[in-house]
Each structure stands twice: as C-alpha cells, then as structure tokens.
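The block underneath contains the structure these notes are about, expressed in structure tokens.
The values are calculated or read from the model by the stated rules, or taken from the named source; none is laboratory data. Because the structure is predicted, anything quoted here is derived from the model rather than measured. Cβ atoms come from the backbone with ideal geometry, glycine included; neighbour counts cover every protein chain shown. For the accessible areas, the whole protein counts, side chains as well, though only heavy atoms, and no ligand, DNA or RNA atoms are used. Shrake-Rupley method; radii C 1.70, N 1.55, O 1.52, S 1.80 Å.
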Amino acid sequence: MTSVINVNLPEQSYEIAIPPVSYANAPSSLDQLGQQMASLKLGKKVLLVSNPTIFKHFGERAIASLTSAGFDVASCTLPPGERYKTLNSIQKLYDIALENRLERSSTMVALGGGVIGDMTGFAAATWLRGINVVQVPTTLLAMVDSAIGGKTGVNHPHGKNLIGAFHQPRLVLIDPDVLKTLPMREFRAGMAEVIKYGVIWDAELFAQLEASKRLDQLRYVKPDLIHTILVRSCQAKADVVSKDEKEGGLRAILNYGHTIGHAVESLTGYRLVNHGEAVAIGMVAAGQIAVELGMWQNVDTERQNALIQKAGLPTQLPTGVDIEAIIDALQLDKKVKAGKVRFVLPTEIGVVTVTDEVPSDIIRQVLRGM
C-alpha cells in the first residue's frame, strides 16, 4: 500500500507518495504520474526535464503516462553533474519554456536526481514569476532530501547553491523501483542523507540502519528496510519543513554535515567527491567538533562514523584539499549570520543543536585529524 506523507504549509501543502518496493511485473508508480498530476487540476502544458541517462531509462514511460492523462508534453535533457548546475543550464530551460509557450498554469516535471530537481525547481520558480513544479526523484538522495521542501537553485563559481529560491512542488512522486538502475556510488551518496536523519531527528531509524549488515549496495538492503528508509526520512524532512518552511530556525538542522561538506565540494570543483560523499565527510567533522566542545560522547561519534563506513562513504578529507581554503570557504556558507559560521552539532543520537560558537582553532584541529 502506498504511503502518503503530507507536507503541511500555510500557502501550498502537498503530498509525498511512496509505494512499497514492488516485485517482478508489479505496476510502477512512475506509470501513475499522469493520473496523479491530473488529480491536481493543473494546466495541460508540461515540460519534462531530465538528463540523457535518466531519460533513456524512464523518459518515454513518463511521457506516455502524462500523454494518456491528457497533458501536452515537451521534454528537455540537461547534462548530468553538479558542475552543470549553472545559470547557463537554466537559460536553456527558459528558451524551451518560451518555445513551447508555457503559461502560469503549466508545470515543469523534474525527472532525475538532485541536480535536475534543483534546476527544474528554480526555472519553475522564476519563469513567469512562478509556475507549477512536480518532483519525480530518481536517486536515493533526491528521494529522501532534495526533492522535498522547495529549496531550488544553482551554483555560483565561488559557492554551492548561492543563487536560488524557495518554491514548493505540487507533488513529490517516489518510485522505489527506479533505484534498481542507480549506480552504486549514487546509492551510497543517498545513504549519507539517510544517516543524517538518524543523527539529527530519528534515533529509531539510526538503530535500524545499525542492525543492517550492509548499506553500501541496494541488493544487500532488504526491501522492507528500503521502504522504512524512504518513509522515515521523508517524514523527518516533512516534519521539519512543515514547522519551518524557509529556514528561519529549526530547518537549519537539515544542514548537518553540509557546512564543511559544501566547502569540500566547491573546493574540489564538484568533480572529485559527490554531494553525499561530501556530507559524509562533513558529518565526521561536525561530530568530532561536537566531541571537542564537550557536547557529544565519543562513543556516539564512533557509532556515527561506523555507520558512514558501513555505507561505503568516506570519513577522511580528499588528498590535497587545503585546510585554510576550507576555513575561508566557510565564510561563503549560506548559514553565516552576522559574519559567524553556524554549525549543526549533535548532542545525542537523534538530537542536534545549532551554534555559532565554534572557534576556528577547533575546526582546524579537527580537519587536520582527517
């Protein structure tokens, strides 16, 4: 039975639909995309945005579903990878939106991972001052994190996601079956965000992850656990976003591991480590900073790091990354307030706090140990 999670917001609430992991010949929720969107009473014009690899796997099925539901569908593919998450790519979306005369009642559908979701959401937020967007995430990371909550944007040469807008989707449709085509490295990247939810919000999820023998490949994770991972992670994100849509307070906890993680991504040109790997490194650093500040028990940081390693994720800084460059890059973080870098730091499994009282010497000490 499909799990439906509500994201309750003052202006535009929406649903996250998560069916159980299906078995051979079972109907796929991707084939229900058109029917689900038709129930939202959206305009008939749709622009489906994907990358060539994802489109090859799932594009025609998505278009067939939309067309059978009466939608007039155009499509666009953008190159894969964080380094293409730029205003140049957004310009291409604007050109196709203009060519196909997308109206304010029209919808952009993001069929892909976090990069496609972020760019499609930003294009939808800014085309005609805002049109509908539907998120159909195809990576574990996008399913549990980036597709939910309305954060959209692109990168600036000097920092990640510095250009963007909050623009909530009308629907998030998750099809767990598409994970079967996900490269192992991308699956592991998604596990970083799942572990994050265990540390910041859901101690029971953390314990279930610890009980699993392996987390580094989809084939070693039982279908029931995959469903639990999706539902509990999405519920955690929905709970936080419902309480704080535009990151005025609580929502900042979702950035656990991202402060140093984003700096590492940016400094390595978005080529050496992917987002999940950077977040894993950032969580290791944040956990150790919390230990050094006397906020967290060493046994808990060891539990966290063991789980990160079980998921096949890095716990060390990439070779050659300059520590002083990381310290400098932190000042460009979106969470900087009054010139102070704010860190999300754990106090126990399932509980974190946000603080700007982290001395630079402690950050340096921790990074040198990695």
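A compact table of results
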item: Any hit, the stretch 248-257, residues being modelled with pLDDT under 95, within 29 Å of residue 12 (Cβ to Cβ) and outside any helix (DSSP H, G or I); result: yes
item: Residue within the stretch 189-196 that is assigned by the TED database to the domain that holds residue 252, under 27 Å from residue 271 (Cβ atoms), buried (at least 22 other Cβ atoms within 10 Å of the Cβ) and β-branched (Val, Ile, Thr) present; result: yes
item: Residues within the stretch 39-58 that are within 25 Å of residue 98 (Cβ to Cβ), surrounded by fewer than 18 Cβ atoms within 10 Å (Cβ to Cβ) and of a type in the set (Gly, Ala, Ser), tallied; result: 1
item: Yes/no for residue 71 being crowded, with 16+ Cβ neighbours inside 10 Å, closer than 16 Å to residue 32 by Cα and assigned by the TED database to the domain that holds residue 134; result: yes
item: Of residues in the stretch 17-40 being of a type in the set (A, V, I, L, M, F, W, C) and assigned to a loop (DSSP other than H, G, I, E, B), the one modelled with the lowest pLDDT; result: 24
item: Output for the stretch 302-326, where each listed residue is open to solvent by less than 20 Å² (accessible area, probe 1.4 Å) and among the hydrophobic types (A, V, I, L, M, F, W, C); result: 307, 308, 311, 313, 326
item: Residues that are open to solvent by 10 Å² or more (accessible area, probe 1.4 Å) and modelled with pLDDT of 95 or more, drawn from the stretch 167-181; result: 167, 168, 170
item: Unmet criterion (only one of (1) more than 21 Å from residue 365 (Cα to Cα); (2) hydroxyl-bearing (Ser, Thr, Tyr); (3) assigned to a loop (DSSP other than H, G, I, E, B)) for residue 233; result: (3)
item: Set 332, 267: member being in contact with a strand residue (DSSP E or B) (Cβ under 6 Å, 6 or more places away or on another chain) and over 22 Å from residue 195 (Cβ atoms); result: 332
item: Hits in the stretch 95-148 (condition: within 24 Å of residue 274 (Cβ to Cβ), open to solvent by 10 Å² or more (accessible area, probe 1.4 Å) and not polar (S, T, N, Q)); result: 113, 114, 115, 118, 122, 141, 145
